[in-house]
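One structure is given here, and the rest of the page talks about it.
The values are calculated or read from the model by the stated rules, or taken from the named source; none is laboratory data. Given the structure is predicted, the values throughout are model-derived calculations rather than measurements. Virtual Cβ from ideal backbone geometry, glycine too; neighbours counted across all protein chains shown. SASA here: full protein model, heavy atoms, side chains in, ligands and nucleic acids out. Shrake-Rupley method; radii C 1.70, N 1.55, O 1.52, S 1.80 Å.
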Amino acid sequence: MRFLSLFSGIEAASVAWSPLGWTAVAFAEIEPFPCALLAHRFPSVPNLGDVTKITAEQVAALGPIDVVIGGSP
């Protein structure tokens, strides 16, 4: 399963779902500490930043996405 994570925080979902073979295709996070942690732990996964500024083109460039998850503040 390939998922897009919105309001990603420190991305607990990726840690929980990785053993199941689920893969994050992108994150969307703006807070500095979580952004730094995501960049360190998942250097190959893009952070799209502010969810209100994500474009259809950015999403299309990620390829197939099975599910969109999010933990809005």
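Numerical summary
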{"read-out": "Selected residue (criterion: farthest from Val51 (Cα to Cα)) from residues of segment 1-32 that are in contact (Cβ under 8 Å) with a residue 60 or more places away in the chain and open to solvent by 70 Å² or more (accessible area, probe 1.4 Å)", "value": "Met1"}
{"read-out": "Segment 38-53: number of residues that are surrounded by 13 or more Cβ atoms within 10 Å (Cβ to Cβ) and either among the charged types (D, E, K, R) or more than 12 Å from the chain's Cα centre (by Cα) (or both)", "value": "0"}
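Each row is one residue, and each column tells you yes or no for (1) modelled with pLDDT of 95 or more; (2) part of a loop (DSSP other than H, G, I, E, B); (3) under 15 Å from Pro73 (Cβ atoms).
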residue	(1), (2), (3)
Gly9	no, yes, yes
Ser14	no, no, no
Ala24	yes, no, no
Ile30	yes, yes, yes
Pro34	yes, no, yes
Leu37	yes, no, no
Val45	yes, yes, no
